[in-house]
Amino acid sequence: MAAPYNASQIARWLIASIDRDAGEAITHLKLQKLIYYAQAWSLALMDEPLFDEDMQAWAHGPVAESVFHEYREYGWEAIPSPNIVPEISDSHAAHLNDILSIYGEFSAKHLERMTHSEAPWVLARGELAPEARSSNVIKKEDMAAYYSMLYEKAEDEQQEA
């Protein structure tokens, strides 16, 4: 079954959904991490990918290559709001809003450090040096398993409290 969106649609939706009136901005680095977490948690919680494209384990964290090429011109600058915002189902919009509310408060570099400490990126990188170039795929199965485990662990801790 094909995923309901492509990575670019998720990226545009996220870029359009930040609260610019509150001073929020989104850089390319941060966008890539938000896309990654949106995909990872969709795999873990909904048992389906948001998009088919594989995330790659680049030196600065997970990257959807198509989105990299689409927004590379912005470098470290904030990406402007898109002219066209894709239609996203209510359930997927709720999921993406959850991702923004949980991960959106963190800086791009903080999100990079988080992904670097988590199993899916670490497994995909293997023995590569931290700064080494890589197009190694972060397996969707690894993402689903790792974030499902995090979710179950959090639920167990809530029940114990």
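Structure summary
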| quantity | calculated |
| --- | --- |
| Per-pair calculated FRET efficiency, R0 = 35 Å: residue 19 and residue 154 via Cβ, rounded to 0.05 | 0.85 |
| Where the chain is the region considered: accessible area per residue in Å², 1.4 Å probe | 55 |
| Accessible surface ranking that places the most exposed of 115, 27 first, with a 1.4 angstrom probe | 27, 115 |
| Accessible-area composition of the chain, carbon plus sulfur, in percent [1.4 Å probe] | 50 |
| With all protein chains modelled, accessible area of residue 69 [1.4 Å, Å²] | 100 |
| Residue 46/residue 105 FRET efficiency (R0 22 Å; Cβ-Cβ; nearest 0.05) | 0.45 |
| Whole-Hz couplings from phi, Karplus 6.51/-1.76/1.60, listed for region 107-112; x for Gly and Pro | 5, 4, 5, 5, 4, 4 |
| Calculated FRET efficiency for the pair residue 78/residue 131, C-beta based, R₀ 22 Å, to 0.05 | 0.30 |
| Simple label model, 7 Å out from Cα along Cβ direction - residue 90 to residue 66, nm | 2.7 |
| Largest to smallest principal axis extent of the C-alpha atoms in region 19-161, angstrom | 44, 39, 27 |
| Loop-located GluC sites (Glu not before Pro) in region 95-160, at most 14 other Cβ atoms within 10 Å (DSSP) | 105, 127, 131 |
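The values are calculated or read from the model by the stated rules, or taken from the named source; none is laboratory data. Bear in mind that the values here come from a model prediction, so they are computed numbers and not experimental data. For neighbour counting, all protein chains shown are included, and Cβ atoms are generated from backbone atoms with ideal geometry for every residue, glycine included. Calculation scope for accessible area: heavy atoms of the full protein, side chains included, ligands and nucleic acids excluded. Shrake-Rupley method; radii C 1.70, N 1.55, O 1.52, S 1.80 Å.
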